[in-house]
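Undergrad: Handing you this structure, nothing more for now.
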Amino acid sequence: MTAAVDAPGLPAVAKTGLFKRWPILRRLLRHKAFVIGAVLFGFILLVALFADWIAPIDPNRISIRNRFKPPDLTHWLGTDNLGRSQLSRVAYGARLSLAIGFAVVVLNAVFGVILGAAAGYFRRLDNILMRITDALMAFPAVLLAIGIAAALGPSSMTAAIALSAVYIPRTARIVRASVLVVREMEFVQAAIAMGASHLRILGKHVLPNCLAPLIVQLTFIFAYAVLSEAVLSFLGLGAAPPTPTWGNIIAEGRQYIREAAWITVIPGMALAATVLGLNLLGDGLRDVLDPRLKISQA
Amino acid sequence: MSDAQPLVRVEGLTKHFPIIKGLMFSRLAGAVKAVDGVSFTIGRGETLGFVGESGCGKTTTGRMLIRLIEPTAGKVMFDGQDVLSLQGEALRRVRRRMQIIFQDPFGSLNPRMTVQEIIAEPLVIHGESDTAGRAQRVRELLDVVGLASYAAGRYPHEFSGGQRQRIGIARALALRPQLMICDEPVSALDVSIRAQVINLLQDLQRDFALTFLFISHDLGVVKHIADRVAVMYLGKIVEIADKRTLYARPGHPYTQALLSAIPVPKPGRRRQRTVLKGDVPSPIDPPSGCRFHTRCPHVMDICRRVEPALQADASGQHVACHLVHPPAQPST
């Protein structure tokens, strides 16, 4: 049950404060897939954070003279049908994609934990909450997101809300499952015997021990959210067209895919890199955090 | 062992766990009669040993005393107070006077808290002293259970099973309780560590005037630590007696069988063993009459029909068996 934290038999890494506080960190850095994922995602994250600096050209500046320029030294990633800089558009698109993904993750963490903890800890609420999540989970994720986004009107805000609504039931289920396991453990019984309040038991004993599967789930949700946001904006249900999002760029570029493939391929590659990076990251976290899967030292 | 005013008086304590079948239209399909009408007392400063096979209801009984499990029926009087009727603040006040030590030294400590946080938690919950005062108290408690004070800054996974059990004991002691439920506290430990922890518990009992309910399936350990012993079988107490009486001349055939199963450290010595046949019957549908009749070597006709009551003899040995206490007139 306990997370065996120190991996024996491995060369000693200097026990700095960081490693002592989070011994997990050392095992993560030994996990190849995690490191590759972290590098990929870290690269996209840096591009998003420093979009102004990487791409000084306004992503919406039209330059008819420079239409359909393939990637070269002046336009690193080429230009689109209106002569806008692809580098700027993809970099700013990364910013919006990651912002929406992050918003979905935060909303999932907050509401997923509240609902999951309520269902798992207060068993009276369990049946009703889980039937509601079942109903929401019965719809295919993207279809439900399209429905909600269409009902609320297209904007990046509604895309974030729609995607949260789709993934929160899944997060709540995961949290509930862990809460069900942890609440029966003896240290929780000990806390009850001491006279601890429900809030204290949940906050100090139950939830901290449910974090590992939640973190893993949230990295995957980040990936799904970025992907689904691209789908929504491709379908015109995300941010309105002049705004550069990966979905919008692909949607606009798809008419010219034969003549100017780079317009669609480059944001597609950015999307693939983000999703792949996050999935590798999530796999690594799962391998290291879940003591039942002993394949961590790959 | 004065029975004048026992610390704990339990009457007719019962727990039936319902078995619910069906997903949508759930219905009661029966109940596991884990504990079925158990009565006993524990005197101040006394150690009552609770023995029996797995699943006989020892642990459930112990947890019902401190209301970790809500009883189906019965009464628990703790120092003259009806524990089962308490709610909210009153329940919290009585809870600090009874604490529990668990069997599993790995599951009973929160892996994400330091030893300092674990031992100080009961003090925090009951608002005792400030941070510095609590740190001081944790050091004292660690000292009492024989751990160095630098243990306070560490996490549970850095300790061995026996050390973790000491941390659990320190946590239980923090509020200076009167009653300590020891739920198989040494069953998960190595034999060498077991003796240390048992001796620690005995020292603590002497120093802090503790009353123990000591639950175990190890008759040897119970013989060492207990003053009186209760034997449980399938949710009922079949015998309670003074330790010496019970080990010298067990009254109930089940107790006799249990005692004959204790290994004797004398190779080659032949012993008369009573080996029970068959398995423990299901507590969902316990046998009629005496619950032990399906496996009893001395089964009589009446055992199948009439349930024997727990009756005392002149020496204070309580036995529930028709052999020991033949029924006055055959009931129909």
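Undergrad: Checking the conditions here, which among B:P250, B:P177 is under 21 Å from B:T41 (Cβ atoms), without any contact (Cβ under 8 Å) to a residue 24 or more places away in the chain and not β-branched (V, I, T)? Break it down stepwise before answering.
TA: Values: B:P177 fails: without any contact (Cβ under 8 Å) to a residue 24 or more places away in the chain.
Within the list B:P250, B:P177, the selection yields B:P250.
Undergrad: Same structure again: Taking region B:261-296, which residues are surrounded by 12 or more Cβ atoms within 10 Å (Cβ to Cβ) and touching a Pro at 6+ places or on another chain (Cβ under 9 Å)?
TA: Matches in region B:261-296: B:T274, B:L276, B:P281, B:P287, B:G289, B:C290, B:R291, B:F292, B:H293, B:T294, B:R295, B:C296.
Undergrad: Within region B:222-238, can you find the residues that are closer than 16 Å to B:T14 by Cα, open to solvent by 10 Å² or more (accessible area, probe 1.4 Å) and in contact with an Asp or Glu (Cβ under 8 Å, 6 or more places away or on another chain)?
TA: B:K236
Undergrad: Same structure again: Out of everything in region A:247-266 that is within 22 Å of the chain's Cα centre (by Cα) and not hydrophobic (A, V, I, L, M, F, W, C), what residue ends up being surrounded by the fewest Cβ atoms within 10 Å (Cβ to Cβ)?
TA: So, considering only residues that are within 22 Å of the chain's Cα centre (by Cα) and not hydrophobic (A, V, I, L, M, F, W, C), the one surrounded by the fewest Cβ atoms within 10 Å (Cβ to Cβ) is A:N248.
Undergrad: Kindly check whether there is at least one residue in region B:12-29 that is more than 14 Å from every other protein chain (Cβ to nearest Cβ), in contact with a Phe, Trp or Tyr (Cβ under 7 Å, 6 or more places away or on another chain) and crowded, with 18+ Cβ neighbours inside 10 Å.
TA: Among the residues of region B:12-29, not one is more than 14 Å from every other protein chain (Cβ to nearest Cβ), in contact with a Phe, Trp or Tyr (Cβ under 7 Å, 6 or more places away or on another chain) and crowded, with 18+ Cβ neighbours inside 10 Å, which makes the answer no.
Undergrad: Another question, if that's okay. How many residues, within region B:30-79, are of a type in the set (A, V, I, L, M), open to solvent by 10 Å² or more (accessible area, probe 1.4 Å) and assigned to a strand (DSSP E or B)? Break it down into steps so the answer makes sense when it comes.
TA: Residues of region B:30-79 that are of a type in the set (A, V, I, L, M), as a first pass: B:31-32, B:34-35, B:38, B:42, B:48, B:51, B:64-66, B:68-69, B:73, B:76-77.
Remaining after also requiring open to solvent by 10 Å² or more (accessible area, probe 1.4 Å): B:31-32, B:34, B:68-69, B:73, B:77.
Then drop every residue that is not assigned to a strand (DSSP E or B), which leaves B:31-32, B:34, B:73, B:77.
Looking only at that region, the number is 5.
Undergrad: Would you tally the residues in region B:241-258 being hydrophobic (A, V, I, L, M, F, W, C) and surrounded by fewer than 18 Cβ atoms within 10 Å (Cβ to Cβ)?
TA: Restricting attention to region B:241-258, the residues satisfying the condition of being hydrophobic (A, V, I, L, M, F, W, C) are B:241, B:246, B:248, B:257-258.
Restricting the remaining residues to those that are surrounded by fewer than 18 Cβ atoms within 10 Å (Cβ to Cβ) gives B:248.
Final tally of qualifying residues: 1.
Undergrad: Can you pull out the residues in region B:231-272 that are of a type in the set (F, W, Y) and outside any strand (DSSP E or B)? Outline the logic, then answer.
TA: Residues of region B:231-272 that are of a type in the set (F, W, Y), as a first pass: B:233, B:247, B:254.
Once the filter is applied, which keeps residues that are of a type in the set (F, W, Y) and outside any strand (DSSP E or B), region B:231-272 yields B:Y247, B:Y254.
Undergrad: Quick one: B:S216 ticks every box in (1) at pLDDT below 90; (2) buried (at least 21 other Cβ atoms within 10 Å of the Cβ); (3) of a type outside the set (A, V, I, L, M) except a single one, so which number is it?
TA: So the condition that B:S216 fails would be (1).
Undergrad: Tally the residues that are closer than 17 Å to B:F17 by Cβ and away from chain A (no Cβ under 14 Å), restricting the search to region B:63-87.
TA: Matching residues across region B:63-87 total 4.
Undergrad: Related question: All but one of (1) away from chain A (no Cβ under 11 Å); (2) open to solvent by 10 Å² or more (accessible area, probe 1.4 Å); (3) outside any helix (DSSP H, G or I); (4) on the phi < 0 side of the Ramachandran plot hold for B:R137; which doesn't?
TA: In the conditions (1) away from chain A (no Cβ under 11 Å); (2) open to solvent by 10 Å² or more (accessible area, probe 1.4 Å); (3) outside any helix (DSSP H, G or I); (4) on the phi < 0 side of the Ramachandran plot, B:R137 misses (3) alone.
Undergrad: Can you tell me how many residues in region B:88-128 are open to solvent by 40 Å² or more (accessible area, probe 1.4 Å) and within 7 Å of another protein chain (Cβ to nearest Cβ)?
TA: Filtering region B:88-128 down to residues open to solvent by 40 Å² or more (accessible area, probe 1.4 Å) leaves B:88-89, B:92-93, B:96-97, B:103-104, B:106, B:111-112, B:116-117, B:124, B:127-128.
With within 7 Å of another protein chain (Cβ to nearest Cβ) added as a condition, the list becomes B:92, B:96, B:104, B:106, B:111-112.
Qualifying residue count for the region: 6.
Undergrad: For B:T14, are the conditions met, namely being at pLDDT 90 or above and farther than 23 Å from A:I192 by Cβ? It would help to see each step written out before you state the result.
TA: Details: at pLDDT 90 or above: yes; farther than 23 Å from A:I192 by Cβ: no.
No; evaluated as a whole, the condition is false for this residue.
Undergrad: Here's a follow-up. Test of understanding: among A:D72, A:D58, which residue is in a loop (DSSP other than H, G, I, E, B) and either open to solvent by less than 60 Å² (accessible area, probe 1.4 Å) or more than 24 Å from A:A239 (Cα to Cα) (or both)? Step through it out loud before you land on a result.
TA: Numbers: A:D58 fails: either open to solvent by less than 60 Å² (accessible area, probe 1.4 Å) or more than 24 Å from A:A239 (Cα to Cα) (or both).
Exactly one of A:D72, A:D58 is in a loop (DSSP other than H, G, I, E, B) and either open to solvent by less than 60 Å² (accessible area, probe 1.4 Å) or more than 24 Å from A:A239 (Cα to Cα) (or both), namely A:D72.
The values are calculated or read from the model by the stated rules, or taken from the named source; none is laboratory data. Computed from a predicted model, the values in this text were never measured in an experiment. Cβ atoms come from the backbone with ideal geometry, glycine included; neighbour counts cover every protein chain shown. What goes into the accessible areas is simple: the full protein's heavy atoms, side chains included, and nothing from ligands, DNA or RNA. Shrake-Rupley method; radii C 1.70, N 1.55, O 1.52, S 1.80 Å.
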